[in-house]
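Below you'll find the structure, written out as structure tokens, and then a few comments.
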Amino acid sequence: MTMSMDRRAVLAGLGAACVLPGCAKAATPSAATRLIAAARRQVGVTLTYDSAYSKLAFPGGDVPRARGVCTDVLVRAYRDGLGQDLQLLVNRDMRAAFSAYPKRWGLKAPDRNIDHRRVPNLQTWFKRHGAQLSLPADHAGWQPGDILVCLIQGSIPHIGIVSDRRGPSGWLVIHNIGAGAREEDMLFAWPPGARYRWGV
């Protein structure tokens, strides 16, 4: 018995290779899942917090993975999980609109070694690219892949990625606050100051 051309076309459109018994088509992980997985892979690899200025390759530059700061968790996750290089993107935007970025470090021009490793610069970039969201009142309003910014002791900016795993208080956060990359129950350890969602 031969199959009509119309039947073949319909099956091809449905993915005919996977309609036979025992054939399963693997689901493609969502962008948020890939971002979170790339952040989680840093746990146990990035073991210390080190904010020392370093001369980096460009683009794609990084300090050794055993060390870094909170922003490095984000930069590495976007590179590894989504193929997005925030070092390059922030530098490009700062060269185009330097006056839009904070001046607290006394720079007269962009510095591709450090700009993307500073929380206020990442905040400016996300806001300029339409990624800023309103702050939810509680855990229920956040979603995996969201970017959290909080002010530690009211003045030190800190950034992390909301996980797809939960702890006793709600969503965990993947971040580096001083002892290397960790996945911790700290979404409301300090009052959230900003939320962003980009690429997920």
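The values are calculated or read from the model by the stated rules, or taken from the named source; none is laboratory data. This is a predicted model, so every value here is computed, not measured. Cβ atoms come from the backbone with ideal geometry, glycine included; neighbour counts cover every protein chain shown. Areas reflect the complete protein model, heavy atoms only, side chains present, ligands, DNA and RNA absent. Shrake-Rupley method; radii C 1.70, N 1.55, O 1.52, S 1.80 Å.
Within the accessible area of the range 57-149, the carbon and sulfur atoms contribute 50%, probe 1.4 Å, all protein chains present. Between (1) 0.96; (2) 1.11; (3) 1.02, which entry matches Rg/Rh (Cα atoms, Kirkwood Rh) as derived from the coordinates of this structure? Here Rg/Rh (Cα atoms, Kirkwood Rh) agrees with entry (2). Ordering Ser163, Ser99, Ser155, Ser30 by accessible surface, largest first, gives Ser99, Ser155, Ser30, Ser163; the 1.4 Å probe counts only protein heavy atoms, with every chain in place. Protein heavy-atom accessible surface, 1.4 Å probe, per residue over the chain: 52 Å². For Gln84, the residues whose modelled amide H falls within less than 5 Å of its own, excluding neighbours fewer than 5 places apart on the same chain, are Arg79. Here is how the number arises for the chain: DSSP H runs of 4 or more residues each give -39500 (n - 2.57), the sum is divided by the residue count, and the result at 222 nm is -7000 deg cm²/dmol. Packing, as the average of other Cβ atoms within 10 Å across residues, places the peptides 35-45, 185-195 in the order 35-45, 185-195, highest first. Working from label points 7 Å from Cα in the Cα-to-Cβ sense, the Phe58 to Ser30 distance is 3.6 nm. Straightening the chain between Leu151 and Val45 buys 35.6 nm, computed as 0.36 nm per residue apart minus the Cα-Cα spacing.
Note that the range 114-122 has calculated 3J(HN,Hα) couplings of 9, 3, 6, 9, 10, 4, x, 5, 4 Hz, one per residue in order, obtained from phi through the Karplus relation 6.51 cos²θ - 1.76 cosθ + 1.60 (θ = phi - 60°); glycine and proline are x. Remark: the range 60-77, residue by residue, has Karplus-estimated 3J(HN,Hα) of x, x, 7, 7, x, 5, 6, 9, x, 10, 4, 5, 5, 4, 5, 4, 5, 5 Hz, where x stands for each Gly or Pro and the curve is 6.51 cos²θ - 1.76 cosθ + 1.60 at θ = phi - 60°. The accessible-area ordering, largest first, of the residues Trp171, Trp142 stands as Trp171, Trp142, per a 1.4 angstrom probe. Residues whose amide H falls under 5 Å from that of Ile152, counting only those 5 or more places apart or on a different chain, are His158, with hydrogens built in the peptide plane.
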